[in-house]
1. Sorted by average packing, counted as other Cβ atoms within 10 angstrom per residue and highest first, what order do 24-35, 543-554 take?
2. Under a straight-distance cross-link criterion of Cα-Cα below 19 Å, which aspartates and glutamates are reachable from K614, leaving out those fewer than 8 residues away in the same chain?
3. Given Cβ point charges of +1 (Lys, Arg) and -1 (Asp, Glu) and nothing else, what value in debye, to the nearest 20, does the dipole of the range 524-648 about its Cα centre take?
4. Taking all protein chains as present, what is the carbon and sulfur share of the accessible area of the chain, in % to the nearest whole number, probe 1.4 Å?
5. Between W494 and A548, what is the label-to-label distance in nm when each label sits 7 Å out along the Cα-to-Cβ direction?
6. Take peptides 339-346, 147-154 and line them up by average Cβ neighbours within 10 Å, highest first, as a rough protection proxy.
7. Looking at the range 471-536, which trypsin sites (Lys or Arg not before Pro) are in a loop (DSSP not H, G, I, E or B) and have at most 10 other Cβ atoms within 10 Å?
8. Between W372 and W241, what is the spin-label point distance in nm, taking each point 7 Å from the Cα along the Cα→C-beta axis?
Amino acid sequence: MTDQTITSVSREHRKFRPSAEFKAQANLGSEAAYKKLYAESVNSPEKFWGRQATEQLVWRKPFTKVLDWKSPHAKWFVGGKLNVSENCLDRHLGTYRENKAALIFEGEPGDVRTITYKQLHFHVCRLAHIFENMGVGAGDRVAIYLPMIPEAVMAMLACARVGAIHTVIFGGFSAEAIKDRINDCKAKLVITADGGWRRGKVIELKANVDKAIEGTPTVQTVIVVKRCGNPVTMVEGRDVWWREAWEGAPNTHKAKAFDSEHPLFILYTSGSTGKPKGVLHTSAGYLLGTKLSAHYVFDLKENDRYFCSADIGWITGHSYVVYGLLANGATIFLYEGAPNQPEADRFWQMIDRHGITILYTAPTAIRAFMRWGDNYVLRHHLTSLRLLGSVGEPINPEAWMWYYNMIGKKRCPIVDTWWQTETGAIMITPLPGITPLKPGSGTWPFFGVVAKVVDEHGKEVPRNTGGKLVLTKPWPSMLRTLWGDDDRYQKAYWSEVPGVYFTGDGARQDKDGYFWIVGRIDDVLNISGHRIGTAEIESALVSHPSVAEAAAVGRPDELKGQSLVVFVTLKSGQTPSDELKEQLRNHVGKEIGSLAKPDHIRFAAGLPKTRSGKIMRRILKEIAGGGAIKGDTTTLEDFSVVASLQQEE
Ligand code: WT7
């Protein structure tokens, strides 16, 4: 973390309080009630969570114990049984919500579908029968590789219904990345589409799956949604069209009850070493965490139309498109495509067209909107909006102010929500009817969350001092382990400061107790709100026949937060060229996906290393950023490597 960021944010003294109108209608608008509830949540967490779980969730069998905590392994709501899809769907049937829109979908070409809770229930029930007929049931893994279309939501809920564990793979990932994920979790079924629309073009999803499953012995069946009508190859006996499988299956399905700790999904995310981590979330605690946070943080009301622009392939899509929102009986809006298709006002047009009341998006998108210009925004009214949210990376105060003024018209509170794939639910966030907002700060911990900023010995640092962000108490939606690698789970999260959860983020708490997240302190980059491990990019590069060694670092970027710079040394006999740069970019695209394609490639005769041979990324970062080399270089094995790198560009 850089001191520069710390000083620049500490100059931010503006405070924005919720308006009297907002406060009056808020799900939580009284400071006294908030203080009481927060105090209970951290002082008597079992009482707090036990009551919430009983009130918020539909149980088939009540739990007997709130928490069984053998650090770092938690079991929440021990002895209880429920079904997550029943909690998202069946519970709303037979109520006034039955014919309410569960989702409103708009495809990139402009096609619109509205699906009520009852209809969504039909679809999910049918799919659950299809799964069971295929022999897919409790504990089986199902990979979902779909565009942002209603079928993605249906597929997730149908897995939950039969107790299968889904792993959603973002549509931007390549065949290689799909293969690795499927093999890691040994998925039996894959659900995909012929294609998805993105910037007016078809992304050929089925073709990527075909390539991936050449190398995945466990996959028996592929269900294919027809979305774009592009030609695909269907393999007899393995591939079936969704529509055909679905025809004739019954509309009702008796959901089985599963243990509170039954695994719900695995979601792969980048870590600082080697392969992606399969973050495992389980049923009751995850559902409670996402449901309760969605209710309070988004101040959900029955007539809200909620739009989260995150893809279903990321945790935000899991928690705050699907589970947290449907469990609350909300109406979610799904958009398939790019925000600048056909023009840069697509979001604002859709907000007006569908009367969206809550928008939850990422700073990288906000910065792109700013760059595209106010005129696109000013074409539309945006009067339906009442609340805005931000997630994925720190939001710079200028972008916050623009979002507040230009999109929210100074009427809408902004909830800047800090959390992670691992935390499952929002951890640090304003409550919109309570918290005075400071642009750029995630403000205060949510219910049940105790966050601290500590030094390298795990000791809490004084206010206004940077350090590592840790969470000291287990929480219901926490990850339970890493799929197939509990050692790595313990090492990555619970050993930095023994017994407490280490987030991997740097942070500072100001004199008012507000948290300011500074960014990752491990070897993980945050590019356009997506976590990308430097190690994965490096190993992709090294797998290219011309590359001897590679190091990936981030460089501050106005639009993307960080841009990806890679330093590459070539094998002897290989000559640097622009053509080779392009080849390497495409190679990374093929190995991981286009989201990981480097922005800049620099060829280097050598990389700066310590005497023990460890690449000194700190120095490369400084070179990439064009700054002077600060700090200690005495451990460098050969300083001339650095000197020549500095001359080169
Ligand atoms: C990392 C988690 C959580 C959903 C999206 C990303 C960064 C996330 C914020 C925020 C500052 C943030 C952190 C975190 N981050 N939200 N509001 N302010 N930083 O999930 O891919 O698991 O990444 O994103 O660095 O550790 P993820």
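The values are calculated or read from the model by the stated rules, or taken from the named source; none is laboratory data. Quick caveat: nothing in here was measured; it's all calculated off a predicted structure. Please note: Cβ atoms are built from the backbone with ideal geometry, for glycine as well, and neighbour counts cover all protein chains shown. To get the accessible areas, we keep the full protein, side chains included, count just its heavy atoms, and leave off ligands, DNA and RNA. Shrake-Rupley method; radii C 1.70, N 1.55, O 1.52, S 1.80 Å.
1. The packing order, highest mean first, is 543-554, 24-35.
2. D522, D523, E536, E538, E549, E622, D632, E637, D638
3. Value, rounded to 20: 280 debye.
4. 51
5. Between W494 and A548, the label points sit 4.3 nm apart.
6. Order by mean packing, descending: 147-154, 339-346.
7. Sparse-neighbourhood loop trypsin sites (Lys or Arg not before Pro): K511.
8. Between W372 and W241, the label points sit 3.4 nm apart.
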